Amino acid sequence: MSDTFNKIHLIRQVDLFTLQLFMTVVEEGQIGRAATRENIAASAATKRIQDLEEIVGVALFERNPRGVVPTAAGMVLARHLAQVFGTFEEIRRDIGEFSEGVRGSVRMASTGGVISAHLSRDIAEFARGFPLVDIDLREGNNPEVIRILAAGEVDIAVFTDTQEVPADEIERIDYRSDHIVAVVPQGHALAGRPHVKLVELLEHNLIAIAPATSIMGHVRRTAALAGVEFKPKYSVSSVYAAMGLVRVSQGVTLQPDSMVSRQDLEWVRMVPLDEPWATRRLVVGVRRGRSLSVAEKNFVAQITARRG
C-alpha cells in the first residue's frame, strides 16, 4: 500500500460513489450484499474497496469467513464520511427547495399574546412572500412554549425571554420588545398617574389573567416580596376577557401595551407600570446545534428584520 496520503491525493483519486460503497459495506458487513444494494458487480465492488485502501495507505476492513468488519482506521473514516454525507443531504434539501421556489414547513409555537400583538401580522406577511411554505403554529403559555422547543416538538418558538430559558439548549434572537402597563377604566383614581407600582394596583380589584403566563408569575413574586396578599377579584383566561371587565369598571388589569387597541382607549386608560420586569424582551428561539431548513431560515430572517 502507498505510504503517502494527503487531501489532494484523496480528492483526485476517490469518487463519491466509492465512498458511498465503503459506507454500505460497513453497514452490511459483506461486500457482496453491499454491491447488490449499490447495483454494482461484487468483483467491481471488491476492486473499488481495495483501491480505496491503497489510496489511504491502511487496511480499512478485516476479512473473516462471515464477511468483513471495519478496522480502527475504517471506523474513523466511516465516522467522518457520515458527517460528509449528512452535509450533502442538507445541500440536496436546501438547493432542492430553490428549484421551484422555497417550500417546506415551519413548525413553531408562541404565546397567545405574542401571536395577537405581533406574530400574526408577521406570519401573514411571510405567507404572501413564501406561499409554498406551510406554517404549523401551536399556542401555549410561556413555560410550555419554551419546553416544547427544548424537547424538539417544534423547531422555532417566539416567547418572552426569562431566566428559565435553558441557554445551553436554546439560542435566542431578538424579536421585539414591549411594555407591561396597568389598564384602568376612564375616570379611575389611577387614570391620570404618570406610573404606578404593582402594590398600589393590587388595592384596586386586580383582574388576573391565566396564572401560567409570565405576567402573572411576576405579579405573584412581586407581591410576595412586598408582603402583600395577591387576591384578584376575577381570574380569566385571556387578556380580552380582562379588558372587557375593565371597560365596564369591574377592576384593573395588566397587559402588554401592544395589546391595547385604539378602540379600547375610548373606554380605558394605560398607566405605565413602574417595575423592573415591565419592559419585556421578546425573542425567537431555535435549538442549538440544529441546522434550519431554507424555509425556516427565511422565516426567522424575515420576522427578526424589524426589531423594536
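For Ala224, state whether it is surrounded by fewer than 18 Cβ atoms within 10 Å (Cβ to Cβ) and free of Cβ contacts under 8 Å to residues at least 60 places away in the same chain.
yes
Check segment 234-255 and report whether any residue there is part of a strand (DSSP E or B) and among the hydrophobic types (A, V, I, L, M, F, W, C).
Looking through segment 234-255, at least one residue is part of a strand (DSSP E or B) and among the hydrophobic types (A, V, I, L, M, F, W, C).
Scan Gly67, Gly113, Gly74 and give me the residue that is crowded, with 19+ Cβ neighbours inside 10 Å, small (Gly, Ala, Ser) and not assigned by TED's automatic domain parsing to the domain that holds Val286.
The conditions single out Gly74.
Which residues, counting only those in segment 186-230, are under 22 Å from Ser116 (Cα atoms) and of a type outside the set (A, V, I, L, M, F, W, C)?
Pro211, Thr213, Ser214, Gly217, His218, listed by residue number.
If you take the residues in segment 152-195 that are under 27 Å from Val294 (Cβ atoms) and small (Gly, Ala, Ser), which one is surrounded by the fewest Cβ atoms within 10 Å (Cβ to Cβ)?
Ala167
Checking Val133 against (1) more than 30 Å from Gly217 (Cβ to Cβ); (2) buried (at least 16 other Cβ atoms within 10 Å of the Cβ); (3) within 16 Å of the chain's Cα centre (by Cα), which single condition isn't satisfied?
Single failed check for Val133: (3).
Name the helices (runs of 4 or more DSSP H) wholly within segment 98-208 that hold at least 1 residues that are under 21 Å from Asp257 (Cβ atoms) and hydroxyl-bearing (Ser, Thr, Tyr)?
Per the criteria, 120-129.
Would you check which residues across segment 68-96 are at pLDDT 90 or above, of a type outside the set (A, V, I, L, M, F, W, C) and outside any loop (DSSP other than H, G, I, E, B) and list them?
Pro70, Gly74, Arg79, His80 - these are the residues of segment 68-96 that are at pLDDT 90 or above, of a type outside the set (A, V, I, L, M, F, W, C) and outside any loop (DSSP other than H, G, I, E, B).
Considering only residues that are at pLDDT below 95, small (Gly, Ala, Ser) and within 30 Å of Ala182 (Cβ to Cβ), look in segment 270-308 and name the one that is surrounded by the most Cβ atoms within 10 Å (Cβ to Cβ).
Ala278
Being touching a Leu at 6+ places or on another chain (Cβ under 8 Å) and part of a loop (DSSP other than H, G, I, E, B) is the filter here; which residues of segment 39-63 pass it? Outline the logic, then answer.
Narrowing segment 39-63 to residues touching a Leu at 6+ places or on another chain (Cβ under 8 Å): 40, 45, 48-49, 52-53, 55-56, 60.
Across segment 39-63, the qualifying residues are Ile40, Leu60.
The values are calculated or read from the model by the stated rules, or taken from the named source; none is laboratory data. Please read these numbers as outputs of a predicted model, since none were measured by experiment. Note that each Cβ is placed from the backbone with ideal geometry, even for glycine, and that neighbours are counted across all protein chains shown.
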